[in-house]
Each structure stands twice: as C-alpha cells, then as structure tokens.
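The values are calculated or read from the model by the stated rules, or taken from the named source; none is laboratory data. Worth saying up front: this structure is predicted, and the values here are computed from it rather than measured. Cβ: placed from backbone, ideal geometry, glycine included. Neighbour counts: every protein chain shown.
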Amino acid sequence: MFGEYAQSWLNSLEVVHDSRVNYKGLMNNYWMPHLATMPIKAVTPMVLREVVARTEWKSPTVKRAAIARVKAMFRAAVYDEVVDRNPAASIQLPQKSKKQVDPFTVEEADKLIEWMYANFSRCNQVFAAFYEFAFYTGMRTGEIMALRWDEIDLEKKTAHICRIVVERQVVERTKTKYTRTVMLNSRAISALKRAQEIAHYRAVQKRRVSAASPYVFQPSGRSPHMKGPTTPSGHFNVAVESLGIRARPQYNCRHTYATMCLMSGMNAAFIAGQLGHSTQVLLTTYAKWLNSNNDWMELLKLEQQLTRKETPPVTAHPETSKTHIPPEVRD
C-alpha cells in the first residue's frame, strides 16, 4: 500500500528531526488522505494530477514542497524495486517563489538596541545583548540561543557554532550540519561583555541560588537557555512597536548583518562562511545589495569616458610649435 511504503520511507530518511517532522506533515496532510489505502503500483500520473488539482494548497511554496516529497518517495520506490517507474516524474513543480529580503537599516538596528538597554530591567537587558549580538554577527536565532561560554574565545575574538535550539531542546548540530567559526567584531564583543555583566548581576542576587548557566544569553527565568524564538521575539517586538519602526521578523537581524557586510565591500565568500551557507546562496539572496555598492563606481567609469570625448585635446602645431586649436572648436 502507498501509506505503508510512505511511512517506511519517511522513517528511513537520514535527515534532522525537524526536517523529518516537516516531511511527515506534508505527506500526511496532502497525500495520505487520497492515497494511503491504494496499492502503490496503482498510483499513476493521472491519479497524482487529480490529487494536485483537487487540493486547496496553503501556498505555492507548500504545493511545491509536497510535490517534491512525493517525487522523492517514488524515486526511492523505483530504487527499491517496489514500482517499475516513477509516476510523479511528469508532475511539474510550481515555480519557486523568491522570498523578499527586508533588512533593518543600521540606524534602525542601533536604535532598537539602545532602546532595549535603556528600557528593560537589568535582568531583561540580556535581550538587548542578544539582539546586539544578532545584528552584528548574523547568526541564526537558534544558534544564538544555544551558544555557550565555552565556545567563546574573547582573546581570539571568535565563537564556535556547533549547536542549535530545536523544539525547546538544545541539539548538538547546526541547521546545515556543519560547524563553523564566527569572527567577532567590536559590537559583538560588546554584546558579550554586557551579557557577562548581566549574568554576574543575576549570580550575586541573594534570591538566586541556582548554578550559573553555561549559556551566554540566559533568559530572566529559571531556564538555563532560551527555549524558543518567541522568548526573545516578544521583547524585540516591544522595542519595534515603541520606536514606531516598521515591523519585521527577528530573523531579519541576520539579513541586516549580511547586507551591512556587502555594502561595506567585504568579500562575498568570507561573508557566506560567517553566515554558514554557500557563496551561491549569498549571491542569489542578496544580489541587490551586492550590486548597489559598485553601481555608482561603474557609472563613474562611463562619466570619465564621456568627459574625455567632450573635451578635444589641445596640440602643438608641428610647423610653428605654437598651440594649435582644432577648427571645429574655434569660435
């Protein structure tokens, strides 16, 4: 049966937990209701097209992801010799919609950070330090929540990124499965020092008897680490609303850092390595900002060429050794 093989295939996938949950959701929501009890060999291209046509898709992105999953499942079924051919091979994937990158400006970022330091209680200023670090390292929210002091080298000004918070738990991996070392600029170092001060303040409070947290950005409650993105985002949204800044998700802190680096003329490969993705992803995602830094320089080259053509050269007459002005420019 389709359902039995699909379940077996999902269980065999070598993917991280959150990806497996996402794949199961797509299969259970969009394919199982129609195909679960059908013999897998009875699923034809026409059957799949009918399912696609009858389904009310949440978005083009979800539709694309669901079709991609069933294509992958049937490729595995062909490999396992469960079916002779892939009936999903001819199903066209919807065009991938490009997400619009909408970073904060540097001025907006600094206003938000300053407001949080000025208006949050001493313990809650950890969220100000959190976002100063986020804006000036470009690290993912889950990576910052899982960052521990033993991965920070203040002397070398580096942070080793090797874990992430997923579903309220710290997982010993990153989103891409690859660890990386992030070089810390002065603002990131400043955020860490503020976090140290806040941790010390918490430790010396008489009512605090729990052991010091190994995590850099411990929330104001009793948990040793932030368990989900809603914890910092709630404080972030308060600052955004109070300052009247156009609302954007906290993930855009990462976009802010990326565009800030590109507009500073930094090497694209270096920026990609710091962010933890490929250079191609960086160039595709941030092409607008990659070009903006050089556009006026390119136009200046043309202006210089035009200037040379508009001003005829003044030459010496070969016979008289006097200055010779071309006839076309005489009065």
Worksheet item: Could we say that Glu107 is charged (D, E, K, R) and in contact with a His (Cβ under 8 Å, 6 or more places away or on another chain) here?
Response: no
Worksheet item: When you go through (1) outside any helix (DSSP H, G or I); (2) free of Cβ contacts under 8 Å to residues at least 12 places away in the same chain one by one for Val83, which number turns out not to apply?
Response: (2)
Worksheet, complete the sentence: Of (1) assigned to a helix (DSSP H, G or I); (2) within 23 Å of the chain's Cα centre (by Cα), Val182 satisfies every one except (1)
Worksheet entry | Residue in segment 27-41 that is over 30 Å from Ile164 (Cα atoms), part of a helix (DSSP H, G or I) and in contact with a Gly (Cβ under 8 Å, 6 or more places away or on another chain) present | yes
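Quick test for you: out of Ala53, Ala65, Ala72, Ala42, pick the one residue that is of a type in the set (A, V, I, L, M) and either buried (at least 16 other Cβ atoms within 10 Å of the Cβ) or in contact with a helix residue (DSSP H, G or I) (Cβ under 7 Å, 6 or more places away or on another chain) (or both).
When all the criteria are applied, what remains is Ala65.
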Practice prompt. For segment 100-108, state whether one or more residues are of a type in the set (A, V, I, L, M), farther than 19 Å from Gly276 by Cα and either touching a Pro at 6+ places or on another chain (Cβ under 9 Å) or not in a helix (DSSP H, G or I) (or both).
Written response: no
Worksheet entry | Pairs with Cβ under 9 Å, 6+ apart, first in segment 41-57 and among the aromatic types (Phe, Trp, Tyr), second surrounded by 12 or more Cβ atoms within 10 Å (Cβ to Cβ) and not in a helix (DSSP H, G or I) | Trp57/Pro94
Response to the item:
Quick count over segment 1-39, residues being surrounded by 12 or more Cβ atoms within 10 Å (Cβ to Cβ) and either in contact with a Cys (Cβ under 6 Å, 6 or more places away or on another chain) or among the β-branched types (Val, Ile, Thr) (or both), is 3
Worksheet item: Scanning segment 84-139 for residues that are charged (D, E, K, R), more than 30 Å from Arg49 (Cα to Cα) and surrounded by fewer than 23 Cβ atoms within 10 Å (Cβ to Cβ), which turns out modelled with the lowest pLDDT?
Response: Arg122
Response to the item:
Taking segment 118-174 and keeping only residues that are among the acidic types (Asp, Glu) and in a strand (DSSP E or B), one is left with Asp153
Worksheet item: Would you call Arg64 of a type outside the set (A, V, I, L, M, F, W, C), over 27 Å from Val170 (Cβ atoms) and touching a Lys or Arg at 6+ places or on another chain (Cβ under 8 Å)?
Response: yes
Item to complete: Could you please let me know if Leu243 is among the hydrophobic types (A, V, I, L, M, F, W, C), closer than 30 Å to Phe133 by Cβ, surrounded by fewer than 16 Cβ atoms within 10 Å (Cβ to Cβ) and at pLDDT 55 or above?
Response: yes
